[in-house]
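Below is one structure, written out as structure tokens; the observations come after it.
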Amino acid sequence: MDISIDTPHSPLPTDRAHTLSMVIKSFKGRRDVAVHLFRGQWGPSDENLDWATLIGPPLDATHTDPAGSRKIILESFTDVERDRIISYLKEQYSTRLTGIRSAVLTFPVPAGLTGLTQVEPGKARGFIEFEKIPSYPLDIPLKGFYDLNQHQPMVEE
């Protein structure tokens with residue numbers, strides 16, 4: 001399994017700045033499915049951040065609401081949480097995963113983005129809710145988003 005962890009090149013403006021994804025060898029009839037991991041919930045105290053420095057100008061004039069961009073930061077992990085999740089994934093799913101990747105958010109995050117907690121599941125996209133797995137040991141409300149349309153079927157149709 002390939003594990004890639006990007007480290008920040010300068011001090012981060014918040015500790016909640018690490019993203020995670022994993023690639024599952026086969027999932028729901030598809031191969032090499034990328035799953036974007038994120039924090040599925042948080043408390044009011046987590047929202048006490050300096051949003052003026054964390055959220056920047058929008059990428060375009062039609063998407064200016066900062067709410068989704070705030071969610072992206074709140075959905076991210078601290079370095080300690082990232083390391084705990086990676087350790088869990090390595091122990092529990094080592095034979096099922098081909099890779100785990102961690103990246104660092106770039107600050108300021110542009111206003112107008114959409115957080116994964118705002119995405120609606122559909123026929124080909126959905127969520128893995130790790131807290132519903134009986135053997136899930138972490139106290140982190142971990143979820144994973146996948147889109148099967150982005151991946152090749154195991155058997156060609």
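One table, with the values for the structure above:
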item: Segment 53-101, subset within 20 Å of SER4 (Cα to Cα) and assigned to a loop (DSSP other than H, G, I, E, B), residue most open to solvent (accessible area, probe 1.4 Å); result: ARG96
item: Per-region count, segment 115-126, residues within 22 Å of ALA17 (Cα to Cα) and open to solvent by 50 Å² or more (accessible area, probe 1.4 Å); result: 2
item: Residue match in segment 89-111 (condition: under 14 Å from the mean Cα position of the chain (by Cα) and without any contact (Cβ under 8 Å) to a residue 24 or more places away in the chain); result: no
item: Residue in segment 19-52 that is least open to solvent (accessible area, probe 1.4 Å), counting only those that are touching a helix residue (DSSP H, G or I) at 6+ places or on another chain (Cβ under 9 Å) and assigned to a loop (DSSP other than H, G, I, E, B); result: GLY40
item: Flag for ALA124 being among the small types (Gly, Ala, Ser) and in contact with a strand residue (DSSP E or B) (Cβ under 7 Å, 6 or more places away or on another chain); result: yes
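The values are calculated or read from the model by the stated rules, or taken from the named source; none is laboratory data. Note that this is a predicted model, so its numbers are computed, not measured. No Cβ is skipped: glycine too gets one built from the backbone with ideal geometry, and neighbour counts run over all protein chains shown. In case anyone asks, the SASA skips ligands and DNA or RNA and just uses the protein heavy atoms, side chains included. Shrake-Rupley method; radii C 1.70, N 1.55, O 1.52, S 1.80 Å.
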